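Undergrad: One structure is given below, represented as structure tokens, and several questions about it will come after.
Just so it is clear, none of the values below were taken in a lab; they were calculated from the coordinates. For clarity, every value in this text was computed on a predicted model and none was experimentally measured. As a convention, Cβ positions derive from the backbone with ideal geometry for all residues, glycine included, and neighbour counts pool all protein chains shown.
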Amino acid sequence: MRLSLRYRLLIPLALLLLGDAVATAWAASHAARQAEYQLASQQWAVARTLTEPPFFPLTETILKKMQHLSGAEFLFTHPTLPPQSTFPHPTPLPPAEVPTAEHPRADEEPFLGPPVVVAGNKYRCLHLPLKPPHPQAGGNLYIFYPESLRQTAVADAVRPLLILGGAGGLVAVGLAYAIASQLVRRVRELDARTRLIAAGDFRPMPLPASDDELRDLCQAVNDMACQLAEFQQQLQQNERLKVLGQFSGGLAHQLRNAAAGAKLAIELFLTENPHADPEPLQVALRQLTRIETNVGQFLALGKPPASVREPCDLGQLIDQSVSLLKPPAQHLGTTIVWERPSQALVINGDPTALSHLFSNIIGNAVEAAGPGGTVTIVAHSTPTHIQIEVRDTGPGPPPAIAAQLFAPFVSGKDQGTGLGLAVAKQAADAHGGTIHWQRRNDQTIFTIQLPA
């Protein structure tokens, strides 16, 4: 049977409240008995004063004083003496149904006597016969304690317990219900958020203001959503790479073969016609070389790096990339600043992958710098690493893709494929190096670090 969390919290409290009610009722009953015991003790103390030595004559004056002290009404009757009473005239007749009372022993509880009605008012009556050596022996003393005063004394004793026990319990139940409702509301919000995550909505939920276990749970759900978003993005990239691998292999080979054939035809034409103007054909050759490079990136993306390594002079590879990129840079009006270091920058690596690495990073910098911009390449070595910085004066990547700049198919250019930086990172990782970027002094700086 499904039981709401609200009631799981309230049922133990309800049982506790029931126990509190039983305890309050017992305490109230005990307080009522105690109040009545005190009243009876007071009335028997008055009775002993009037019936035991030293004896007081039971005159109207004495009875009036006792009335003011005790709050009770008094009636004294004697066969030979006129009756004395504190009641307003006419003096009431003694009630016949009230039996005589004996003074309670030490082990007995005092009592107020049975209820009687006198002149329309309710009283508790004690009937005390006067015995020798009392000077008014043979007479009868009646003590009438008003029932209204007894009820008031009992109510005054019971009321605080009922207020504290009953009202306190009700307030506790109200507070518990409000807290339980708020807790249930927060749990339902969390349930709704997890259902949205299951449906593919990985946006983080706002954290509650109170710092408690539910806040920790919400933070854990947000962390889970963030990880799921990353997994989904990685899965989408893997799917796109899988689709790319399914159709790009044959197409890329055909494009590369066609580019190689066109290059061969141009080179043959230049050989057979040495007096022809070579500049246009050299441009065509460079463009065909770029086509071959781009097609090679398609084929290399996602494949394991080549296992064959050889000593590579990074300065020479950067020279080749700069030489290849100078014509398009001149066409754009971009200046490339590169001064090869005097010492050799040699690592053990794959020259083709490293050429792709530098060509992509420098080529992106040339396009980012744009007309009138400058691309500066700086290289230096340490005993353990070789570091190359490629700086451009362009505006930097769009903020929307800044965090995913090295992911495949992510590009800020209208005609970009989003493969260049992905291939560059793959090459750096394959050589045990790193590549990252930053904005500093209004420049975009790509830093490549490779082990020496």
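Undergrad: For the pair residue 194 and residue 272, how long in nm is the line joining their label points, each one 7 Å along Cα→Cβ?
TA: So the two model labels end up 7.6 nm from each other.
Undergrad: Can you compute 3J(HN,Hα) from phi for each residue in region 55-62, using the Karplus curve 6.51 cos²θ - 1.76 cosθ + 1.60 with θ = phi - 60°, rounded to whole Hz and x for Gly and Pro?
TA: 7, 10, x, 7, 8, 5, 5, 4
Undergrad: Let me ask you something else. Roughly how tilted is helix 314-332, in degrees to the nearest 10 and between 0 and 90, from the longest Cα axis of the chain?
TA: Approximately 90 degrees, to the nearest 10.
Undergrad: What FRET efficiency, computed as 1/(1 + (r/R0)^6) with R0 = 51 Å and r the Cβ-Cβ distance, is obtained for residue 308 and residue 211, rounded to the nearest 0.05? Spell out each step's value before the answer.
TA: On the way: r = 57 Å, r/R0 = 1.13.
The value I calculate is 0.35.
Undergrad: Also: Just the number, please: percent antiparallel of the DSSP beta bridges in region 5-162, rounded to the nearest 5. Write down the numbers at each step before the final one.
TA: Values: 18 of 19 bridges.
Antiparallel: roughly 95 percent of the beta bridges in region 5-162.
Undergrad: May I pose another question? Provide the gained length on full extension for the span residue 29 to residue 177, in nm with one decimal, where the gain is 0.36 nm per separating residue minus the Cα-Cα distance.
TA: Working: separation 148, 0.36 × 148 = 53.28 nm, distance 2.98 nm.
Taking residue 29 through residue 177 to full extension adds about 50.3 nm, to one decimal.
Undergrad: Take the Cα of residue 65, step 7 Å along the line toward its Cβ, and report every residue of region 19-43 whose backbone nitrogen sits under 20 Å from that point.
TA: 42-43
Undergrad: May I pose another question? Per-residue counts of other Cβ atoms within 10 Å, averaged by peptide: what ranking do you get for 426-436, 126-136, highest first? All intermediate terms of the calculation are to be shown ahead of the outcome.
TA: Working: 426-436: 18.5, 126-136: 15.6.
The densest-packed peptide leads the list: 426-436, 126-136.
Undergrad: Moving on. Enter the per residue convex hull volume of region 308-451, computed from alpha-carbon coordinates, in Å³ rounded to the nearest integer.
TA: Details: hull volume 15.7 nm³, N = 144.
Expressed per residue, the convex hull around the Cα atoms of region 308-451 is 109 Å³.
Undergrad: Turning to a different aspect of this structure: Calculate the FRET efficiency for residue 18 and residue 224 from the Cβ-Cβ distance with a Förster distance of 41 Å, rounded to the nearest 0.05. Walk me through the intermediate numbers first.
TA: Details: r = 42 Å, r/R0 = 1.02.
Calculated transfer efficiency: 0.45.
Undergrad: Something else: Bin by bin, in steps of 10 Å, what percent of the Cα pairs in region 5-162 do you find, going until the bin that has the longest distance?
TA: In order of increasing distance, the bins hold 10, 33, 27, 13, 8, 5, 3, 1, 0 percent.
Undergrad: Further, regarding this structure: Looking at the chain, which longest stretch skips every one of the GluC sites (Glu not before Pro) that is in a DSSP loop with at most 10 other Cβ atoms within 10 Å, leaving the sites themselves out? Can you show the working numbers first?
TA: On the way: sites that count: 97, 102, 108, 339.
It runs 109-338.
Undergrad: If you bin every alpha carbon distance in region 317-389 into 10 Å steps from zero, what whole percent lands in each bin?
TA: P(r) over region 317-389, rounded to whole percents: 19, 51, 25, 5.
Undergrad: Find the Rg to Rh ratio for the chain, where Rh is the Kirkwood radius over alpha-carbon pairs and Rg uses the same atoms. Don't jump to the answer; show the numbers that get you there.
TA: Numbers: Rg = 53.3 Å, Rh = 32.9 Å.
For the chain, the value is 1.62.
Undergrad: If you don't mind, another one. Could you pull out every one of the aspartates and glutamates with an alpha carbon less than 19 Å from that of residue 65, ignoring same-chain neighbours closer than 8 positions?
TA: In chain and number order, the partners are 52, 73.
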